[in-house]
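Let me begin by presenting the structure, written as structure tokens, before commenting on it.
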Amino acid sequence: MPADLEGQIERITYTNDENGFTIARLKVYGRSDLVTVVGSLMAPTPGEILKLKGEWTNHPKYGEQFKISQYKTVVPASIHGIEKYLGSGLIKGIGPVIARRIVKKYGEQTLDIIENEIDKLEQVEGIGSKRIEMIRKAWEDQKEIRDVMLFLQGHGVSSGYATKIFKQYGNRSIQVVKENPYRLATDIFGIGFVTADHIAEKLGFDRNSQVRAEAGILYVLNQLADEGHVYFPHAPLLKKCQEVLGVGKELIVGALAAIANEKKVVIEDINGDSDELTENNKAVYLVRFHVSETGIAERIMTLLRAPKSIRDIDSDKAVSWVQERLSIKLAENQILAVKSAAENKALVITGGPGTGKTTIINAILTIFSRLSVRILLAAPTGRAAKRMGEATGHDAKTIHRMLEYSIQKGGFQKNGEHPLDCALLVVDEASMIDTILMYHLLKAIPPEATLILVGDVNQLPSVGAGNILKDIISSGLLPVVELNKIFRQAEESLIIVNAHKINNGILPSFTSSKDKLEDFYFIEREDPEEVLTEILDLTKERIPARFGFDPIHDIQVLTPMHRGVVGAENLNIELQKALNPIGGGIMRGNRKLSLNDKVMQIKNNYDKEVFNGDMGRIRTIDAENQEAIISFDGRDIPYDFTELDEIVLAYAVSVHKSQGSEYPAIIVPVLTQHYMLLQRNLIYTAVTRGKRLVILIGTKKALAIGVKNDKTRKRYTFLEKRLRSMLS
């Protein structure tokens, strides 16, 4: 039966930023006990007074609850309510202490003072002109965002997204959303087509409108790019779009033609060169991927055709000299790699762990340093660049940093017009480079420079779209040296021996002794709950006790999946409880972030110079200023609370996200539930992340499935054939 209720929020039990679902406890006039209310509330804040419509229900476990159907916020009137309202972190610049001082000074007039005579706050201890400006701006934003939130609430948008929409469009938010809600899907991180489509439906947009179909096609292509595809075949794309949008083929065909005409996509006839295409051999690209893929092919040819700036040397003499200089004896393929570096404009060196890639890089750098040429070293991630620098003694940078990305100036500052200053560029972990980044890198290389790509082609391909290293190697356009000999020192490591076995389709060896510590173990468990219990016990107790590793800093759990009992999401919740069970922190949707949590950035943020896959630790959480400080490899980076959706817990991460990183110890669940993802290059990549200890937990059946499955997931790219066509 419908009912009305009015009360003041005393505390928030739970709130989900994604959908606004909230459980709160209300203080209601005339009742001594607190009332539980459940339903959708936009940015609920302790101290707010709510006028609610809904109905009373009786939950079998939690008892009496008020289920909200509609609500309105009323500014708090009591001194206690005002203090709680201001001290909740709602207004940047006012925390619990400052709120108490303001209310003590101005009592029930507090909100009027902030609204109309804010400069009077200078009379409160701890508030200066700088803080007043912060409070003034936050107060104005809060008023405007309330209007936006109330509008969006009526159209099914969560409070978290409402804040982002307001941050993007300001007081134009309502107008923009009314005109074209599908803009949200492309303009705002985290709001996908599905959410935008839901808003559009509430606003009365026709499901068969062309604007919806156009946005839907772009959404599908972006989703496919996230799966690694640089293009997608025309006919399967039409079918996929029909399934997602629930509309006829004719509408999709017309909308695709329209966005091609607007230069949002490129439809290329690839001349029957691909067995995958059936209808007119058409490939559909988002424009940025077509520009990048064709640009990569052109830039590689430019590089190969240009003369070398480095003078020719006798490569046999160089090999003899460097072996003597470094007191090493190079293997046959290592000698070939050094000679190829001296003789060619571009070269690929590939090999697994323990095959001497670092030795080769050092030998090449020693030779070219003797020639006094300008050398640059780079890698895709901060960790890989740091490791490269430590191993070579030369300065190494991330590719983004080397190319000097500037958000203010709009893009990479190193490019064709302003090239890098180098005669030799060596890039490590090249298997991680995606199509877009490779294009920008090649644009910035001087045509006369020499390029050496180093990587392990048997690892998983890049997180971003493309399969760059494999396509370059398969094209035959560049000389390739494969290092396949495991050196004696490396042979003592079961991690390295087993990694090569896995790569060759052979099950790894397991030996264990109570007297001797090994570096590779398999623990047989079948039930996912048992695997979870084992992971928690190993991480918190057994590995630290037996091997001396720090549970948070040294041990990394890698998993094939995001969902499920031993998927990254649930593992992170359970590992956080076990390893960092402190109270407090902040809620972002259904995730809690606490001091000292291990976290990962999941979006390239060029402004902060923090990139997808970078890992850090939360150092401070400042509720008053709504800011957290996260340390990434010694760099302290401030995050506004609204930016924290770019951050996830990282006690457990996907194998894909672990690329380019090494950890002292890793734990990997391997179960038949992961069947769709069990493939050789995934298990190989996971195992090669461990430096001193690798533990696999699961079933030998699941492990065998993965090791035997060398069919990598198909990625649609046309780079190999573009490069191959240049040979003729």
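The values are calculated or read from the model by the stated rules, or taken from the named source; none is laboratory data. What you are looking at is a predicted structure, and each value in this text was computed from that prediction instead of being measured. Glycine gets a Cβ as well: all are built from the backbone with ideal geometry, and neighbour counts include every protein chain shown. For accessibility, only protein heavy atoms count, side chains too; no ligands or nucleic acids. Shrake-Rupley method; radii C 1.70, N 1.55, O 1.52, S 1.80 Å.
Points worth noting:
- Since only 139, 493, 625 are under comparison, the one whose Cα sits farthest along the positive direction of the charge dipole of the chain, derived from C-beta charges on Lys, Arg, Asp and Glu, is 493.
- Legend: calculated FRET efficiency, residue 80 to residue 607, from the Cβ-Cβ distance at R0 = 45 Å, rounded to 0.05, equals 0.65.
- Cα gyration tensor shape of region 284-353, rounded if a/c is under 1.5, else prolate or oblate by comparing a/b with b/c: oblate
- Rounded, prolate or oblate (a/c below 1.5 giving rounded, otherwise prolate when a/b exceeds b/c) for region 615-728 by Cα gyration tensor: oblate
- About the Cα centre, charge dipole magnitude for region 511-581 (Lys/Arg +1, Asp/Glu -1 at Cβ), debye: 180
- Amide proton proximity set for residue 523, modelled H, under 5 Å, gap of 5+: 696, 697, 698
- Taking a ≥ b ≥ c as the square roots of the eigenvalues of the Cα gyration tensor, region 544-623 is rounded, since a/c falls below 1.5.
- Estimated vicinal HN-Hα couplings, Hz - region 532-544 in sequence order (Karplus 6.51, -1.76, 1.60; Gly, Pro = x): 4, 4, 5, 4, 4, 5, 4, 5, 7, 10, 6, 5, x
- Surface composition of the chain: carbon plus sulfur atoms contribute 48% of the solvent-accessible area (1.4 Å probe, protein chains only, all chains present).
- Electrostatic dipole magnitude of region 405-512 [Cβ: Lys, Arg +1; Asp, Glu -1; Cα centre; debye, to 20]: 120
- Order by protection proxy (mean Cβ within 10 Å, highest first), peptides 307-317, 290-300, 133-143, 432-442: 432-442, 290-300, 133-143, 307-317
- Once the Cα gyration tensor of the chain is diagonalised, semi-axes √(5λ) in Å: 50, 31, 27
- 3J(HN,Hα) along region 195-208: 5, 4, 5, 5, 5, 4, 4, 5, 7, x, 5, 6, 4, 9 Hz, from the Karplus curve 6.51 cos²θ - 1.76 cosθ + 1.60 with θ = phi - 60°, whole Hz, x for Gly and Pro.
- Partners of residue 357 within straight-line reach, counting aspartates and glutamates whose Cα lies under 19 Å from its Cα and excluding those fewer than 8 residues away in the same chain: 324, 332, 343, 390, 395, 428, 429, 456, 482, 491, 492, 662.
- The packing ranking, built from the mean of other Cβ atoms within 10 Å per residue, places the peptides 689-702, 594-607, 250-263 in the order 689-702, 594-607, 250-263, highest first.
- Mean accessible surface per residue for the chain, computed with a 1.4 Å probe while every protein chain stays in place, in Å²: 46
- Set 339/443; 67/202; 92/598; 167/409; 540/711; 540/592 screened for pairs whose C-alpha atoms are more than 28 Å apart: 540/711
- The separation of region 292-306 from region 597-634, counted between C-alpha centres, amounts to 36 Å.
- Ordering 70, 451, 420 by Cα displacement along the dipole of the chain toward the positive end leaves 451 in first place; charges were set at the Cβ atoms of Lys, Arg (+1) and Asp, Glu (-1).
- Given +1 at the Cβ of Lys and Arg, -1 at the Cβ of Asp and Glu and no other charges, the dipole of region 272-381 around its Cα centre is 680 debye to the nearest 20.
- Euclidean distance of C-alpha centroids, region 76-128 and region 660-690, integer Å: 53
- Lys/Arg +1, Asp/Glu -1 at C-beta; the chain dipole; positive extreme among 116, 613, 362: 362
- The chain, helix-only ellipticity at 222 nm - DSSP H runs n ≥ 4, -39,500 (n - 2.57), divided by all residues, nearest 500: -11500 deg cm²/dmol
- Using θ = phi - 60° and Karplus 6.51 cos²θ - 1.76 cosθ + 1.60, couplings along region 366-371 (whole Hz; Gly, Pro as x): 4, 5, 6, 5, 4, 7
- FRET efficiency, residue 642 to residue 550 (Cβ-Cβ, R0 25 Å, nearest 0.05): 0.20
- Accessible surface, 1.4 Å probe, highest first, among residues 11, 635: 11, 635
- Mean Cβ neighbour count within 10 Å, used as a protection proxy, ranking 472-481, 500-509, 556-565 highest first: 556-565, 472-481, 500-509
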